[in-house]
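Heads up: the structure comes next, in structure tokens.
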Amino acid sequence: MKSARERFKIAGNAPMTAAKAAGLRKIPEVTKLVSLLSTLIVALAILIYVYFYGKKSRKSKAKLKKAVEFGLAEEPTTLHPKIDPAVCIGSSACVKACPQHDVLGLISGRGSLINASHCVGHGACAAACPVGAITLVFGNEKRGVDIPYVTTDFETNVKGVFIAGELGGMGLVRNAITQGRQAVEYISCFLKEKQRKPDGTYDVLIVGAGPAGIGASLAAMKAGLKFVTIEQGGVGGTILNYPRHKIVMTQPMDVPLHGKIKFKETTKEALLELFLGIIDGSGLKINTNEKMTALEENGGTFKVTTSKGEYLSKTVVLAIGRRGTPRKLGVPGEELSKVSYSLLDPEQHKACNIVVVGGGDSAVEAAMALSSCGNKVTLSYRGDALSRIKPGNRERLDKALAARQLTLHLKSNLKEIKAKEVQIDLDGKLSAIPNDFVYIFAGGELPNDFLRGIGVRVEKKFGTR
Ligand SMILES: Cc1cc2nc3c(=O)[nH]c(=O)nc-3n(C[C@H](O)[C@H](O)[C@H](O)COP(=O)(O)OP(=O)(O)OC[C@H]3O[C@@H](n4cnc5c(N)ncnc54)[C@H](O)[C@@H]3O)c2cc1C
């Protein structure tokens, strides 16, 4: 009798059926096919990745080239990202996080600033970077930027003078509101310590009613301080100068006497309406159309001179932003409502007679934008050449002049603005030109000169924090 082991062996060695043998032969072929297919899929995935990655990189390079051509590639002097290529892994998280169009892109697998001049220092890129390759900096190695020295409580080296908002180098609506509020909260504690006494002097004088000035004023009201806010223009600051319907990206913020604002995206108009509503609702009074012209310290109190009078205050919050005050020409008729110092929306004018005054990029860009909207534009500049403009603007202007899309008057001076015409001195001869609107781009008084004048220490930052 055969043992169980032998019986099993015999059964195990029994000849296979033809079908079973064929099936077994197929197994290595199927395995080969599967491995070939997987190799093909992986190769295809790599090819697709390389194609799209290369396409993205080429696109970004082309955008960067264009930005360089138009002089838009140089980093802004305000807060902007600096990307360390040795740390960047090319995740493109920064590109996706940036709320501004085409500021960042991927070039050769690394995040790059491709349209630096459009960066508003939102900082979303730095927060989104998974490997911490981005630092937010001021200025760059070649071009430094003046940033006033302030303590963590926003006080300058001139005791009692505080700086909040973009003037301190930190852009963005939320940051400005927060800094204005924090500066005044500190002042209110500091005045309590010094035992506030009721006298004719203000506790705090706030200059500027952009987001920082609004935050500071509402905080002063909440703290029960004796304060006054002056603003050279209208309430809203830089927001007033955003293009019509601009999408404003922001982050949740705490507004004194109102509470938390939670939205992350809104429009220029909705944001202004919200701020004006909060101001009205709180009963806050802001002295608009009143410009600070001088600030002097006198025995621990500040005398602030404005276009309308003088104030004495124990402390001053400068929330005046970085854009300064546009320079006026000082000609008759400049006060007419048809005269502006910035162009918000060229498309608001159609088939109008417009004079643009100035010889820099802002004037040239405004003149070309207005003429492309079907207006009859005269660009007037007192110099004998437009020597300061970017090469891209020069090229576009030359083309527009050759196509007679606008008129350029060099060595000309605007002498008088009337309701329906302007008087221009053209190389010594006075001419009347029909006119509906005047745009003046004659530079401005920059706040840093003012700061140095009152003794505030201003430091130059070269691509550093
Ligand atoms: C085109 C553009 C788009 C932007 N988009 C965004 C965005 O989407 N999201 C975002 O968060 N930020 C954005 N920003 C940035 C943001 O607008 C600013 O960071 C913010 O307005 C700074 O607030 P501020 O109060 O410090 O200064 P400002 O808003 O500049 O206000 C300063 C105020 O001070 C007044 N002033 C100046 N000098 C004097 C004087 N001598 N006397 C009296 N008053 C004076 C000015 O008239 C002005 O009203 C953008 C900026 C620009 C230019």
For region 433-464, which residues satisfy the criterion of being exposed (fewer than 13 other Cβ atoms within 10 Å of the Cβ) and either farther than 30 Å from residue 294 by Cα or out of contact with any strand residue (DSSP E or B) (no Cβ under 9 Å at 6 or more places or on another chain) (or both)? 434, 449
Would region 372-383 turn up any residue that is in contact with a Phe, Trp or Tyr (Cβ under 6 Å, 6 or more places away or on another chain) and in a loop (DSSP other than H, G, I, E, B)? no
So is residue 342 assigned to a strand (DSSP E or B) and either within 14 Å of the ligand (Cβ to nearest atom) or hydroxyl-bearing (Ser, Thr, Tyr) (or both) or not? no
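Residues are listed down the side, and each one gets a yes or a no for (1) under 27 Å from the mean Cα position of the chain (by Cα); (2) within 23 Å of residue 422 (Cα to Cα); (3) not assigned by TED's automatic domain parsing to the domain that holds residue 426:
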| residue | (1), (2), (3) |
| --- | --- |
| 365 | yes, yes, no |
| 375 | no, yes, no |
| 388 | yes, no, no |
| 394 | yes, no, no |
| 399 | no, no, no |
| 405 | no, yes, no |
Report yes if residue 105 is surrounded by fewer than 19 Cβ atoms within 10 Å (Cβ to Cβ) and closer than 19 Å to residue 60 by Cα, otherwise no. no
Do we find a residue being more than 13 Å from the ligand (Cβ to nearest atom), among the basic types (Lys, Arg) and either in a helix (DSSP H, G or I) or assigned by TED's automatic domain parsing to the domain that holds residue 348 (or both) anywhere in region 224-239? no
I'm trying to understand the selection: among the residues of region 100-143, which are within 17 Å of residue 171 (Cβ to Cβ), more than 13 Å from the ligand (Cβ to nearest atom) and touching a strand residue (DSSP E or B) at 6+ places or on another chain (Cβ under 7 Å)? 104, 113, 116, 125, 126, 134, 135, 136, 137, 138, 139
Of the residues 426, 451, which is at pLDDT 90 or above, assigned by TED's automatic domain parsing to the domain that holds residue 378 and at negative phi? 426
Check 150, 95, 173 and return the single one that is among the β-branched types (Val, Ile, Thr) and under 14 Å from the mean Cα position of the chain (by Cα). 173
Could you tell me whether any residue of region 161-169 is more than 8 Å from the ligand (Cβ to nearest atom), within 20 Å of residue 296 (Cβ to Cβ) and either out of contact with any strand residue (DSSP E or B) (no Cβ under 9 Å at 6 or more places or on another chain) or among the acidic types (Asp, Glu) (or both)? no
Within region 290-308, identify whether any single residue is part of a loop (DSSP other than H, G, I, E, B), within 16 Å of the ligand (Cβ to nearest atom) and touching a helix residue (DSSP H, G or I) at 6+ places or on another chain (Cβ under 6 Å), and answer yes or no. no
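Yes or no: residue 146 more than 14 Å from the ligand (Cβ to nearest atom) and either without any contact (Cβ under 8 Å) to a residue 40 or more places away in the chain or farther than 30 Å from residue 299 by Cβ (or both)?
The answer is no for residue 146.
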State whether one or more residues within region 409-427 are within 30 Å of residue 317 (Cβ to Cβ), in contact (Cβ under 8 Å) with a residue 40 or more places away in the chain and surrounded by fewer than 17 Cβ atoms within 10 Å (Cβ to Cβ). no
Among residues belonging to region 312-322 that are buried (at least 20 other Cβ atoms within 10 Å of the Cβ) and assigned to a strand (DSSP E or B), point out the one that is nearest to the ligand (Cβ to nearest atom). 318
Checked region 267-302 for anything under 17 Å from residue 452 (Cα atoms) and of a type in the set (D, E, K, R); matches are 296, 297
Go through region 107-223 and tell me which helices (runs of 4 or more DSSP H), entirely inside it, have 3 or more residues that are within 20 Å of residue 317 (Cα to Cα). 173-193, 211-222
Here is a list of conditions, (1) over 21 Å from residue 219 (Cα atoms); (2) away from the ligand (no atom under 12 Å from the Cβ); (3) in contact (Cβ under 8 Å) with a residue 24 or more places away in the chain, and residue 279 meets all of them except one; can you say which number that is? (1)
Name the residue, out of 123, 139, that is out of contact with any His (no Cβ under 7 Å at 6 or more places or on another chain) and surrounded by fewer than 22 Cβ atoms within 10 Å (Cβ to Cβ). 123
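Would you check which residues across region 267-288 are assigned to a strand (DSSP E or B) and hydroxyl-bearing (Ser, Thr, Tyr) and list them?
267
The values are calculated or read from the model by the stated rules, or taken from the named source; none is laboratory data. Please read these numbers as outputs of a predicted model, since none were measured by experiment. Positions of Cβ are generated from backbone atoms using ideal geometry, with glycine treated the same way; all protein chains shown enter the neighbour counts.
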